[in-house]
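To keep things clear, I will list the structure first and then write my remarks on it.
The values are calculated or read from the model by the stated rules, or taken from the named source; none is laboratory data. This structure is a prediction, so every number in the text was calculated from the model and none was measured. The accessibility values were calculated without ligands, DNA or RNA, using every heavy atom of the protein model including side chains. Shrake-Rupley method; radii C 1.70, N 1.55, O 1.52, S 1.80 Å.
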Amino acid sequence: MGAVPAWLRIGAPVVVLLVIAALLVWIIGAFLGFIVKLLVGAAFVIGIAALVAGANARDRVPR
């Protein structure tokens, strides 16, 4: 077997590091996307609850 070229000796660790970095970015991005969906969903539910509470307060008949 011949000598390994210098670009291959340097390139393999760099490729491995790039793959690990890409996986980390993907995992963190997916997690942040999940958190954003939770926040948007919570804001939507809180908004609907506020609208219903406001409508109930306006519709009360004074006794």
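Calculated translational diffusion coefficient of region 7-54 (25 °C, 0.890 mPa s; Stokes-Einstein with Kirkwood radius over alpha-carbon pairs) equals 178 µm²/s. Largest GNM mean-square fluctuation among Val25, Val15, Val40, using the chain with Cα springs under 10 Å: Val15. I'd like the carbon and sulfur percentage of the solvent accessible area for region 1-40, probe radius 1.4 Å, heavy atoms only, ligands and nucleic acids excluded. On region 1-40, the fraction of accessible area on carbon and sulfur atoms equals 88 percent.
Normalised per residue, the accessible area of the chain is 93 Å², obtained with a 1.4 Å probe and no contribution from ligands, DNA or RNA.
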